[in-house]
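Take a look at the structure set out below.
The values are calculated or read from the model by the stated rules, or taken from the named source; none is laboratory data. In this text the structure is predicted, and so the values were computed from the model without any measurement. Using ideal geometry, Cβ is built from the backbone for each residue, glycine included, and neighbour counts are taken over all protein chains shown. Each accessible area value is taken on the protein alone, full model and side chains, heavy atoms only, with ligands, DNA and RNA left out. Shrake-Rupley method; radii C 1.70, N 1.55, O 1.52, S 1.80 Å.
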Amino acid sequence: MSDRRMPQDESPRGPLRRRREISDHVLAEGSASASDLAERFGVSVMTIYRDIDELEREGVLRKFRGGVTAQPSGVFESNVAYRKTSMRREKEAIAAEAVTLIEPGMSVMIDDSTTALELARLLPGIEPLTVVTNFLEALNLLAVERGLHLMALGGDYDPLHDSFLGVPCVEAVEALRVDLCFVSVSSVSGGFAFHQEQRIVAVKRAMLKAADRSVLMIDHSKLDRTALHRLTPLSVFDLILIDDRTPPDTLRSLDECGVPYRLAPT
């Protein structure tokens with residue numbers, strides 16, 4: 001008996017196109033089961049599992065029993081495409097608050113977080129301004145702005161984060177001194193900032209040391225997560241910017257830590 005799905009599976013471009021569409025679907029929905037994906041794309045569950053294995057190997061999605069997800073875990077940082085859609089309103093509010101701290105003539109360093117990307121969108125028009133970043137999307141966004149002095153931090157390109165990391169990036173950061181540094185993290189708990197991935201931690205630590213003042217930008221969802229690596233005590237930051245949807249008991253814990261914070265109205 002003929003199988004109408006066979007041409008799609010056997011086509012050299014079929015699997016690549018299907019995996020891209022699987023990725024787009026899961027990024028939009030957050031997660032999906034293997035059986036639902038098999039039905040959606042008209043292939044066997046075994047084929048879907050092969051696709052999932054490849055997407056996990058590439059760092060695009062994360063596998064769990066019976067399906068796949070784009071959401072972070074304690075040791076997995078979600079794909080930058082998913083993070084760009086997550087908590088977008090809160091990130092925009094935090095960025096709007098952050099840009100008020102920047103004045104013409106300053107040098108500003110931003111990390112590869114999607115909250116920092118929202119801040120980058122607001123930088124054109126603040127002139128003169130030096131902007132330093134390892135985030136490729138932010139570099140592409142700002143490269144056309146003639147009024148900005150843009151400095152790219154090189155290193156090993158990481159497609160999961162769309163940024164440059166590794167020892168070369170850390171050394172490039174250590175050679176600089178900036179007025180302000182804006183970073184975000186995966187989690188805040190017990191008076192510390194955490195991140196899932198060690199290679200990200202090394203770069204962020206270097207950025208914080210290279211700045212006269214540093215600002216932590218986090219939306220309230222970061223306060224309910226766990227993450228593997230402790231980045232730094234919150235006391236290292238001169239200011240924490242957080243959206244106004246943060247629960248009152250969480251704000252009390254920040255008060256107890258003695259950390260200055262400002263609520264960004266959403």
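Average accessible surface for the chain: 48 Å² per residue, computed with a 1.4 Å probe over protein heavy atoms with every protein chain in place. Using helices alone, I'd like the mean residue ellipticity at 222 nm for the chain: each DSSP H run of four-plus residues gives -39500 (n - 2.57), total over residue count, nearest 500. When only DSSP H runs of four or more count, the value is -11000 deg cm²/dmol.
Diagonalise the Cα gyration tensor of segment 98-243 and give the resulting equivalent ellipsoid semi-axes, square root of 5 times each eigenvalue, largest first, whole Å. Walk me through the intermediate numbers first.
Numbers: eigenvalues 102, 59, 39 Å².
Whole-Å semi-axes of the equivalent ellipsoid: 23, 17, 14.
What does the charge count near ILE126 come to, summing +1 for each Lys or Arg and -1 for each Asp or Glu among other residues with Cβ under 14 Å from its Cβ? Summing Lys/Arg as +1 and Asp/Glu as -1 gives -2.
Each other residue within a Cβ distance under 12 Å of PRO260 adds +1 if Lys or Arg and -1 if Asp or Glu, for a net charge of 0. The gain in end-to-end length when the ALA28 to LEU122 segment is fully stretched comes to 31.3 nm, 0.36 nm per residue minus the alpha carbon separation. Quick check on the chain: of the DSSP beta bridges with both residues there, what percent are antiparallel, nearest 5%? For the chain, the DSSP antiparallel bridge percentage is about 40. Summing Cβ point charges (Lys, Arg +1; Asp, Glu -1) relative to the Cα centre of segment 225-266 gives a dipole of roughly 160 debye. Close amide H contacts of VAL131 (hydrogens built in the peptide plane, cut-off under 5 Å, sequence separation of 5 or more or a different chain): VAL108, HIS149, LEU150, MET151.
Computing Cα extents along the principal axes in Å directly from the structure and comparing it against [x] 56, 40, 38; [y] 71, 44, 33; [z] 69, 39, 36 singles out [y].
Where the only charges are on Cβ atoms (+1 Lys, Arg; -1 Asp, Glu), what is the dipole of the chain about its Cα centre, to the nearest 20 debye?
Values: 32 positive and 40 negative charges, 93 e Å.
In total the dipole reaches around 440 debye.
Computed 3J(HN,Hα) for segment 35-40, one whole-Hz value per residue from the Karplus formula 6.51 cos²θ - 1.76 cosθ + 1.60 where θ = phi - 60°, is 5, 5, 5, 4, 5, 5, glycine and proline marked x.
Coupling constants for segment 92-103 follow from the phi torsions by the Karplus curve (6.51 cos²θ - 1.76 cosθ + 1.60, θ = phi - 60°), and in residue order they are 5, 5, 5, 4, 5, 6, 5, 5, 5, 7, 9, 10 Hz; glycine and proline get x.
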